[in-house]
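> Here you go, one structure.
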Amino acid sequence: MSPSGYSLRAQVVESLVGIKRPDVPWPVVLRNTAAVVLPLSLGLATGYPLVGLGVGAGALNTMFSDQPGPYRQRMRQLVLASLAAGLASLLGFLVGGQLLPLLAATAAFGFFGGLLVVFGTDTARVGMTSMILLAITASTPLPPSSAIADAGLIVVGGLLLTLFSLAGWPWQRYWPERRALAIVFDGLAALARQPVRDDGTAPALTSAMTTLQQTLLGRHRARGRAMEAFGVLLELAERIRLELTAMTELQVAPAIHAGFREDAAGVLAAIARALEQGESPAPAARALRTVQASERALLEHDGNPGMAAHLHALSGQLAAAVRNADWAGSRGELRASAAETRLPKALRSSSGWATLRAGLSPRSVAFRHAVRTSACLGIALLLSRQLQLPHGYWLPMTVAIVLRPDFAATFNFGLLRVLGTLLGLVLTSVLLRITPNEPWAHLALMAVLCMGFRYLATAHYGIAVAALTGTVVILLSFEGVNPGAAMLDRVINTALGSGMALLAYIVWPTWERSRARGALAAMLEAYAGYLHALAQPDRRNAHQETRTAARIARSNAEASIERMRSEPATPPELLALARALFANGNRLARSAMTLEALLDDFASLPARARICHFVQQAASAVQAIAAALREQRRIDALPDLRAQQRMLIAPMRDAGDAAGELLAGISDRLVDNVNTLAHLLNRDRPAPATVPDRPPAHS
């Protein structure tokens, strides 16, 4: 895509060729597919294919609620999705033959299902699934007794998938927690091997650390002795991340210390393997001895006290991580330090009612999405009934799937769904032609396509939809629907539904460009809060809280820029400003992280009170920049941070203090970061032209 503006052709190409690495573990793919295929297999074997079909359909519609996370969280999400699917199905069966009640139910499910985006992606999936099942089941109205029975089968399918998802709990009780930790320690190993350069990219492991915090400390976290060691490992991961960032940013003898970092990477990778496999960290302990030997050799070769403090800190943190990686027996002396660990405030959700009330504001993105979804879903249903479209439920179903809170996602999902359906039409036709015309052969083919859909859905939605098309067509064939007719009807309804969803967004849009400045200002405010906390070294808990808040704000700002980049009519100058502010905000974040590591590693820094005052002034300057950005004005006069930095560093340099040299480097970068942000913002809003004074008129 052109860096200067929106290009429809570039957006289409990017959507078609953009393939991510699949992130769905194969155990998840297999158990989800089993929950769909096994009931149908049993139904065919016992002579009750429709029963198996109902259970399999229920599992298929809830499989995307089977997401990573603690078992309690997973169970809650899947049970909620199953019950919501059952309620929507029951209502669809009961009112499907009465147009006005059905339209009212569709509007209600569309509005409240769309509003669920305020609770996040996982809960939003529940709303989308409910809308889909309402549309599908309304096409076959049933008497109350049959409606209850068939809706019950759909609930059973969801609960069966829940059972499969939780089946590993007795044998792998802490698997989700160990997996999240392993991902972070693998990322730390990569960070150690490939130091991050000052190129404006976000600090490493931003999303992985957030996921780990939510997994270990969230509302639905696991309980037990092992969680104590996991909590300590979380803290150690944060500290190791800070130390690696500081060693990179300070650039003290990088070539000499590359070997030490490589040895540290070996320890971190071994810890990751031990956590993922649930085994003893003996290989990590052996690798740790190599790190400690490298540390001694480096200190003998290079007695730089500044880097020595970082080497000591990192070596000690690695040793503590190795001890605690033996999660089966958490050590008693560490329990007390982990006992008070809580989820940072930035990740704690407010009460459900408060969140819902906030989303009901007409200015809310969620509210506008809910209204769009409700209206578009109702119109799609009415259109399918009035035109008597074959398999017309695919029209409102497509609207429910494609219509998203932002333009880019709506466009991408619509485009890929149409093309994926066409590809699925060709693929399924070929596969059915070369497959024996036997139920068991079709069942095996459906299993393969279902696995492909689940595995590729997050990698490339279009390819996944091609697999889904084949899955659904074969599933319907067991109900007596002709595969050829079903595929053609699906293509027509999918194209109409995708077009309607995109048109609905264009008619009443919520453009990201009106909110991007606010997201960037919130990011800078979070950075200012982080610096304010660092200026109070005795408040260590505040450091973690504000660091997490900054991480969340940075992720939100990055997502906002990405959405704005994919929208038509985004002013190129606004996009350029947003990218520049985000890149330089990332540099500021790394400087702050390095400063935190420096303050922690040197407990006896000289002139500590003056250092804290300087950091406080920098925080106030960043806060002022954020306020100016939010209010779309030039920045008022800022403190002369450069002069303050020189006054702070001069005595330390005169004394030849090694810690002072490190502080000089990072404080210089901090001033440069702040001044660059101010320059970028003022450059975007030039000062008003001055009118020269005129001499007084003479009469």
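The values are calculated or read from the model by the stated rules, or taken from the named source; none is laboratory data. Because the structure is a prediction, the values reported are computed rather than measured. When we count neighbours, we look across all protein chains shown, and the Cβ atoms used for this are built from the backbone with ideal geometry, even at glycine.
> Is it the case that some residue within the range 493-508 is within 27 Å of residue 34 (Cα to Cα) and at pLDDT below 90?
no
> Within the bounds of the range 525-539, is there any residue that is over 19 Å from residue 588 (Cβ atoms) and of a type in the set (Gly, Ala, Ser)?
No, the conditions are met nowhere in the range 525-539.
> Return yes when residue 560 is out of contact with any Ser or Thr (no Cβ under 8 Å at 6 or more places or on another chain), free of Cβ contacts under 8 Å to residues at least 40 places away in the same chain, among the small types (Gly, Ala, Ser) and under 30 Å from residue 110 (Cβ atoms) and no when it is not.
Against the criterion (out of contact with any Ser or Thr (no Cβ under 8 Å at 6 or more places or on another chain), free of Cβ contacts under 8 Å to residues at least 40 places away in the same chain, among the small types (Gly, Ala, Ser) and under 30 Å from residue 110 (Cβ atoms)), residue 560 does not qualify.
> Determine which member of the set 93, 111, 164 is farther than 19 Å from residue 61 by Cβ, assigned by TED's automatic domain parsing to the domain that holds residue 36 and part of a helix (DSSP H, G or I).
So the residue among 93, 111, 164 that is farther than 19 Å from residue 61 by Cβ, assigned by TED's automatic domain parsing to the domain that holds residue 36 and part of a helix (DSSP H, G or I) is 111.
> Give the number of residues within the range 200-228 that are in contact (Cβ under 8 Å) with a residue 40 or more places away in the chain and assigned to a loop (DSSP other than H, G, I, E, B).
12
> If you take just the helices (runs of 4 or more DSSP H) that sit entirely in the range 473-578, which of them hold at least 1 residues that are polar (S, T, N, Q)?
Helices (runs of 4 or more DSSP H) meeting the threshold: 483-507, 540-565.
> Can you tell me which of 516, 485, 459, 495 is among the small types (Gly, Ala, Ser) and buried (at least 21 other Cβ atoms within 10 Å of the Cβ)?
Sole residue among the options that is among the small types (Gly, Ala, Ser) and buried (at least 21 other Cβ atoms within 10 Å of the Cβ): 516.
> If you go through the range 248-269 one residue at a time, do you hit one that is in a helix (DSSP H, G or I), modelled with pLDDT under 90, aliphatic (A, V, I, L, M) and buried (at least 20 other Cβ atoms within 10 Å of the Cβ)?
Yes, the range 248-269 contains at least one residue that is in a helix (DSSP H, G or I), modelled with pLDDT under 90, aliphatic (A, V, I, L, M) and buried (at least 20 other Cβ atoms within 10 Å of the Cβ).
> Out of 82, 41, I need the residue that is among the small types (Gly, Ala, Ser) and surrounded by fewer than 21 Cβ atoms within 10 Å (Cβ to Cβ). Which one?
Among 82, 41, only 41 is among the small types (Gly, Ala, Ser) and surrounded by fewer than 21 Cβ atoms within 10 Å (Cβ to Cβ).
> Would you say residue 505 is assigned by TED's automatic domain parsing to the domain that holds residue 596 and over 21 Å from the mean Cα position of the chain (by Cα)?
The answer is no for residue 505.
> Filter the range 279-303 down to the residues that are more than 16 Å from residue 313 (Cα to Cα) and among the acidic types (Asp, Glu), then identify the one that is modelled with the highest pLDDT.
Filtering the range 279-303 for residues that are more than 16 Å from residue 313 (Cα to Cα) and among the acidic types (Asp, Glu), the one modelled with the highest pLDDT comes out as 279.
> Hey, among 368, 433, which residue is out of contact with any Pro (no Cβ under 9 Å at 6 or more places or on another chain) and of a type in the set (Lys, Arg)?
433
> Given the criteria in contact with a Pro (Cβ under 6 Å, 6 or more places away or on another chain) and of a type in the set (Phe, Trp, Tyr), does residue 455 qualify?
yes
> Still on this structure, please answer the following. Can you tell me how many residues within the range 550-580 are over 17 Å from the mean Cα position of the chain (by Cα) and among the charged types (D, E, K, R)?
Number of matching residues: 4.
> Another question, if that's okay. Considering 96, 114, which residue is in contact with a His (Cβ under 6 Å, 6 or more places away or on another chain) and crowded, with 17+ Cβ neighbours inside 10 Å?
114
> Then there is this: If only one of 545, 573, 525, 596 is in contact with a Pro (Cβ under 8 Å, 6 or more places away or on another chain), outside the structural domain of residue 313 (by TED's automatic domain parsing), in contact (Cβ under 8 Å) with a residue 60 or more places away in the chain and among the charged types (D, E, K, R), which one is it?
545
> Which of the residues belonging to the range 187-214 are in contact with a helix residue (DSSP H, G or I) (Cβ under 7 Å, 6 or more places away or on another chain) and modelled with pLDDT under 85?
Scanning the range 187-214 gives 195, 196, 198, 200, 201, 202, 203, 204, 205, 206.
> Name the residues in the range 66-88 that are in contact with an Asp or Glu (Cβ under 7 Å, 6 or more places away or on another chain) and over 13 Å from residue 176 (Cβ atoms), would you?
78
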